[in-house]
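Visitor: First the structure, which I've put down as structure tokens, then a few questions once you've had a look.
The values are calculated or read from the model by the stated rules, or taken from the named source; none is laboratory data. Please read all numbers here as calculations on a predicted model, not as lab measurements. Counting neighbours? That spans all protein chains shown, and the Cβs are built from the backbone with ideal geometry, glycine included.
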């Protein structure tokens, strides 16, 4: 992956995330120091309180945030990818928007997303989130069929 200097892997922590990581790990291993991971949490009523422009996490949301970060690091370690905590991003909101925002913030060259397709879909169209990520992003996007 020498063509790309900064990679952003978007995972949703579903059971298919492990399949996605297993498929991209071999090509990311040599550039693991350039790999960033994002997981977007669709926020609920009790997860956060907005105060001006500052996002204040409740104690429950902070525990959830820490638990998810540990889960991501453990999952990545299964595939010999050591990701520093400062290269793991947890965002709250709409997945495609947040993935594109973080890709722009870190200046990612390549965004890697899993593409959920329906079993009987003969067109094999990408899923809604993958399709929305592809639209209007300045980075290259790799959609991995899972």
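Visitor: Pick from region 1-54 the residues that are within 18 Å of residue 105 (Cα to Cα) and surrounded by fewer than 14 Cβ atoms within 10 Å (Cβ to Cβ): which of them is modelled with the lowest pLDDT?
Guide: My answer is 53.
Visitor: Taking region 72-93 as the region of interest, how many residues are surrounded by fewer than 15 Cβ atoms within 10 Å (Cβ to Cβ) and closer than 26 Å to residue 135 by Cα?
Guide: Going through region 72-93 one residue at a time, the tally reaches 1.
Visitor: Residues of region 78-94 being under 16 Å from the mean Cα position of the chain (by Cα) and either assigned to a helix (DSSP H, G or I) or in contact (Cβ under 8 Å) with a residue 60 or more places away in the chain (or both), which ones?
Guide: Hits for region 78-94 are 81, 85, 86, 87.
Visitor: Sticking with this one: Return the residues of region 128-144 that are assigned to a helix (DSSP H, G or I) and out of contact with any helix residue (DSSP H, G or I) (no Cβ under 6 Å at 6 or more places or on another chain); say none if nothing qualifies.
Guide: Result: 128, 130, 131, 134.
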